[in-house]
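Where a number appears in this text, it was derived from the coordinates with a stated rule and is not lab data. Treat the numbers as computed from the prediction; the structure is a model and nothing was measured.
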Amino acid sequence: MIKPLLVLFSAVLAAWIYQSIQPPPPKLCGTPNGPPITAPRSKLKDGRYLAYKEWGVPKENAKYKMIYLHGFGSFRFGIPSISQEVLEELGVYLLSYDRPGYGESDPDPNKDAKTVATDTEELADNLNLGPKFYVLGVSMGGAFTWSVVKHMPHRLAGAILICPAVNFWWPGFPSNVTMQTWNQLLPQEKWAFRVARYFPSLVYWWNTQNLFPRSAIISGDMRLYSLEDKEILPDLIARSAEFMHAAYQQGVYESLHRDIKVWHSEWGFSPVDLPNPFPNNEGSVHLWHGAEDRMAPVLMSRYIAQRLPWIQYHELPTAGHLFSFADGMGDHILKTFFEEH
């Protein structure tokens, strides 16, 4: 009698565990149960659609054409504080788009660091941006900008990375730099990153369960924000409140959780080993980071800048992770970059 009961209990437990770790299917935009399609979208070769938004001057009149890669938990509206006036003054056409699963872009179950780069290239081609374009990436978008530099340097006219996120399993970093950076993370963030790296099938469960502390970034833990971040945050929330709910309207798994899985997966390269994409000084790569950044601690960016002399490095001594969203800062970054172009 006991053995059949144990078998039944084991089967029920296994079924419960399996059900617990399975994310719900996404609510695809344009389907009967999904959100409506409100943005222009471009169809990729594999049938997926990417939603996008255009800023600045018309591309036909633009001196510079730039693609913006948004941060973790953001989408096409989440650009830094770049004004229309400065975009017009510089002659910049700025294209922002939702990464797969965010906003109104279709999910990509095969998403990895390289596919984000190839999506960017294909979108540029679909919208006729020409043979070369600039890339601006913030936070997680900054990390993906490294992938653009790696996989399509021939398409780049230049790049800006702002407080790029880091993968703690990138090779080529001295162990003391990686460990010092790792030790600045909150304990629950370390566990969330370990789960993403070693048990990616558990990411959804880990960040939705109530037994253990979840990812601090997903939970919005205020300890992640520096003093300057906390000054910027109220205005940033007020400006984005009316549309940020749309960032995860298709579900948190294909947006937030898949981003975490990709973030800490095997990338196949390390930024410290990248060759100069502009050996003849025909373009440049600028890296901006705040010394008080608690979401993406600055040490690994410092090391990248030391290792790669072709990086133009800008470190702000009192800034945190959100400095590019402070009034006028996005304008300053663009002006600094395009002064040499």
(Q) Given the -39500 (n - 2.57) contribution per DSSP H run of 4+ residues, what per-residue ellipticity at 222 nm results for the chain, rounded to the nearest 500 deg cm²/dmol? (A) -10500 deg cm²/dmol
(Q) I'd like the orientation of helix 113-126 relative to the chain: the angle between its Cα long axis and the longest Cα principal axis, in ° from 0 to 90, rounded to 10. (A) 50
Q: May I ask you to list the aspartates and glutamates whose Cα is less than 16 Å away from that of Lys43, ignoring any residue fewer than eight positions away on the same chain?
A: Asp98, Glu104, Asp106, Asp108, Asp119, Glu121, Glu122, Asp125
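Quick check: residue separation of Lys230 and Asn183 times 0.36 nm, minus the Cα distance between them. What number comes out in nm? Walk me through the numbers on the way to the answer.
Numbers: separation 47, 0.36 × 47 = 16.92 nm, distance 2.22 nm.
Between Lys230 and Asn183, full extension yields an extra 14.7 nm.
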(Q) Below 8 Å between Cα atoms, with a sequence gap of 6+, how large is the relative contact order for the chain in percent? (A) 21
**Q.** P(r) weight above 27 Å for the chain, C-alpha pairs, percent
**A.** 45
Q) Cα centroids of the stretch 290-304 and the stretch 110-178: how far apart, whole angstrom? A) 18
Q. Within the chain, what percent of beta bridges assigned by DSSP are antiparallel, to the nearest 5?
A. 25
Q) So which lysines pass the test for Lys335, namely a Cα distance under 18 Å, with those fewer than 8 places away in the same chain ruled out? A) Lys63, Lys65
Q: Please give the helix 329-338 orientation as an angle from the longest Cα principal axis of the chain, in degrees from 0 to 90, rounded to the nearest 10.
A: 50
